[in-house]
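Below: the structure, in structure tokens.
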Amino acid sequence: GGVLALTNGVKVFIPASQATLSRNDSLEDLLKKKVQFKILEVNRQRKRAVGSIRAVLREQRRELEEKFWQEVEVGKHYTGVVKSLTSYGAFVNLGGVDGMVHISELSWNRIKHPSEIVSVGDTVEVYIKDIDAENKKISLGYKKAEDNPWVIMQRDYTVGTVCTVKVVSMTPFGAFAQIIPGVDGLIHISQISNERINKPSDVLSIGQEVEVKITELDTEKKRVSLSIRALLADKAPAEEQAPVEDESPMVYEAGPDGAQGEIPEDSAE
């Protein structure tokens, strides 16, 4: 029904309801550990005392809360412990106060559940995104600005960059391919092949990896245009791209008989 604590040679009974801060906490974790408790009841005739660890923990938490609200400000960083997970985010204990990291703030990539990024008990670095002092609510941020895929794109990629991408979806006007996690680019149907095709799936398939050239990169509008065709043109043999010999622009000049004949421009006087 609880635990026995030994202090100054006297055993003090602490009921289960008074032994932990939460009813879900295990009593086994208290075994052979030093604790602080408050005396709730004393029966000197029966030589019996009842104590509460929970009362002390609540006072300590109240002090931490007061200190936290005096010092907290937007942008301040904290080290916390993940307390619980829900479908819409993760609750993090900052030391007396819990804040929530919304699922959209856990990763730059789209995730289905917070458990894909964090687990209960994890120690995490977070920062204050928003404060609702009236309702005592804290919104936390977790993902880092330097991990923003569009920051990485701006830093590591430029127009003309050749890279290997993975086809992730199809539309009637082209195929979208993942360049890096969190950034997809469009390969327009006109840029898939040198030959005319009716639909992207005539050449490409979901999951296929292809080599492309970046032809447009707009990080502000978050738009990237890709081209397989431009890369094919770059790889074409030199003789296929070189002009045929003697194909100089032609000019017309009248001959001795009055007829017009064609001569190369560079030999005309």
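The values are calculated or read from the model by the stated rules, or taken from the named source; none is laboratory data. Bear in mind the structure is a predicted one, so any value in this text is a computation, not a measurement. Backbone-built Cβ (ideal geometry, glycine too); neighbour counts: all protein chains shown. When the accessible area is computed, the model is the full protein with side chains, heavy atoms only, and any ligands, DNA or RNA have been set aside. Shrake-Rupley method; radii C 1.70, N 1.55, O 1.52, S 1.80 Å.
Once the 1.4 Å probe is applied to the protein heavy atoms, the chain comes out at 68 Å² accessible per residue. The C-alpha radius of gyration of the range 83-214, expressed as a fraction of 2.2 N^0.38 Å, stands at 1.43. I'd like the carbon and sulfur percentage of the solvent accessible area for the range 18-129, probe radius 1.4 Å, heavy atoms only, ligands and nucleic acids excluded. Summing carbon and sulfur atoms, their accessible area is 47 percent of the total for the range 18-129. In the complete set of protein chains, residue-level accessible area for Phe37 is approximately 50 Å², probe 1.4 angstrom. Taking all protein chains together and rolling a 1.4 Å probe, Val168 ends up with roughly 60 Å² accessible. Between Asp98, Asp132, Asp147, the residue with the greatest mean-square fluctuation in the GNM of the chain (Cα pairs under 10 Å linked by springs) is Asp132.
For Met100, the solvent-accessible surface with a 1.4 Å probe is about 50 Å², rounded to the nearest 10.
For the chain, a Gaussian network of Cα nodes joined below 10 Å ranks Glu65, Glu209, Glu41 by mean-square fluctuation, and the top entry is Glu41. Helices in the chain, meaning DSSP H runs of at least 4 residues, each add -39500 (n - 2.57). Divided by all residues, the mean residue ellipticity at 222 nm is -4500 deg cm²/dmol. Cα centroid separation, the range 1-19 to the range 134-213: 62 Å. Protein-only accessible surface at a 1.4 angstrom probe places the residues Arg44, Arg229, Arg110 in the order Arg110, Arg44, Arg229, largest first.
Helix 53-71 and the longest principal axis of the C-alpha atoms of the chain enclose an angle of approximately 40°. Within the chain, antiparallel bridges make up roughly 90 percent of the DSSP beta bridges whose residues both belong there.
Evaluate the relative contact order of the chain (contact order divided by residue number), counting alpha-carbon pairs under 8 angstrom at least 6 apart; express in whole percent.
Computed value for the chain: 9 percent relative contact order.
Express in % the proportion of alpha carbon pairs of the range 10-52 at distances exceeding 14 Å. In whole percent, the long-distance tail amounts to 50. Computed over the range 1-130, the percent of Cα pairs more than 19 Å apart is 61.
Ordered from largest to smallest accessible area (heavy atoms of protein chains, 1.4 Å probe), the residues Val3, Val12 come out as Val3, Val12. Selection among Gln191, Ile180, Thr79 by position relative to the dipole of the range 71-219 gives Gln191 as farthest towards the positive end (Cβ unit charges, Cα centre).
Translational D (Stokes-Einstein, µm²/s) of the chain at 37 °C and 0.692 mPa s when Rh comes from the Kirkwood sum over C-alpha pairs? Estimated via Stokes-Einstein, D reaches 127 µm²/s. Surface composition of the range 190-235: carbon and sulfur atoms hold 40% of the protein heavy-atom accessible area at a 1.4 Å probe.
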